[in-house]
Every structure is written in C-alpha cells, then in structure tokens.
1. Report, by residue number, each residue of the range 88-118 that is hydroxyl-bearing (Ser, Thr, Tyr) and surrounded by fewer than 19 Cβ atoms within 10 Å (Cβ to Cβ).
2. Looking at the range 78-87, can you tell me whether even one residue there is assigned to a strand (DSSP E or B), within 12 Å of the chain's Cα centre (by Cα), in contact (Cβ under 8 Å) with a residue 40 or more places away in the chain and surrounded by 14 or more Cβ atoms within 10 Å (Cβ to Cβ)?
3. Quick one: count up the residues across the range 105-153 that are of a type in the set (A, V, I, L, M, F, W, C), in a loop (DSSP other than H, G, I, E, B) and within 25 Å of Ala27 (Cα to Cα).
4. Among the residues in the range 59-72, are any within 12 Å of the chain's Cα centre (by Cα), among the aromatic types (Phe, Trp, Tyr), assigned to a loop (DSSP other than H, G, I, E, B) and modelled with pLDDT of 95 or more?
5. Looking only at the range 133-160, filter to residues that are of a type in the set (Val, Ile, Thr) and in contact (Cβ under 8 Å) with a residue 40 or more places away in the chain; which one of those is farthest from Tyr115 (Cα to Cα)?
Amino acid sequence: MFQSIEPKALDLNVFSAIGDQWMLITAGTAEKCNTMTASWGGLGVIWGAPAATCYIRPQRYTKEFVDREDYFTLSFCGEAYRKALSLCGSKSGRDVDKVKECGFTVRAAACGAPYFEEADLVLVCRKRFVQPMDPAAIPADVKEKYYQAEDYHTLYIGEIVEVLKKQ
C-alpha cells in the first residue's frame, strides 16, 4: 500500500538511491509501458517546484515513451529487485517484455503514468523540459569515457507532482 507524501518529507540519500541502488524510468500507460534502469539523475528544485532530472540515450526504447507522454515515473526498489533492475538496464523492451520477465505489477498514478507495485518509492513527474546534450559542451575526458559511440543523452526535467511511499 502506497501513501502519498509531500516531496519535502522525503528522507532519501539521492546519491545512494540513484547511483548505487538505481531507479526505473517508466512511461506509457498501465496497459502499454516501457521501463529502463538508470543510475544517472538528480533531485532538487527548479522553477519553484520539486524536480527530478534523468538522462536517456537516443537508442533506448523507453525514450520513445518518455518523449511521447506528458508524465513519467521514477521507481526505487529494494535490493531484492537488483536482478530485475539489471535486466531492465541490459535488455530492450523492443525484444523482451521486461515487466513480465521481472514479474512487476503495473499500477497507474492519478495522472495515468505507470509505476510498479514492487517499488518502495515512486516519484511521479510531469515532463517540463527536454534537451539533447550538446557534444561541444561536454569535456573531452567525459566524451572519451562515456560517449565513444557518440550516443549523447537527452536531459529530462520532470516536476515531481506526486510522491508515493510504500507503507
């Protein structure tokens, strides 16, 4: 059972939650969605509202869903789901039904955005800004390490409109 809480009530180490434990970026509908694992992103405030940033490479199938929809979710799962998150980060939804393979149960937020019952925490985000990264602005050492294929991420900023915390 999830309870809706205020974003300021979050007691979360975002560096660990995103960078070490990972999150699922999900978009679409409860009937047809796609998800991917991400370990890059952030939480903060922009334009007077709580916000989340995430980054998606152009070849990711989830990008098509996030680009098409007005809302997306960020789901944080416990360590018991590490294998499922690994699958969601390494397989494409074009080839595999990741939701089925992971045994996830899809739910819909009030806005219709899909999330997973198995998550401990869900951030429901209204897409507010999208911008491809400018390769000319990326330092050479970063390009060499992360962009050898020149598949630069797109930055998404989502206003956090709902926080769902498992009780």
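1. The answer is Ser90, Ser92, Thr105.
2. No; the residues of the range 78-87 include none that is assigned to a strand (DSSP E or B), within 12 Å of the chain's Cα centre (by Cα), in contact (Cβ under 8 Å) with a residue 40 or more places away in the chain and surrounded by 14 or more Cβ atoms within 10 Å (Cβ to Cβ).
3. 6
4. Taking every residue of the range 59-72 in turn, none turns out to be within 12 Å of the chain's Cα centre (by Cα), among the aromatic types (Phe, Trp, Tyr), assigned to a loop (DSSP other than H, G, I, E, B) and modelled with pLDDT of 95 or more.
5. Per the stated criteria, the residue is Thr154.
The values are calculated or read from the model by the stated rules, or taken from the named source; none is laboratory data. All of these numbers come straight from a predicted model, not from anything done at the bench. For neighbour counting, all protein chains shown are included, and Cβ atoms are generated from backbone atoms with ideal geometry for every residue, glycine included.
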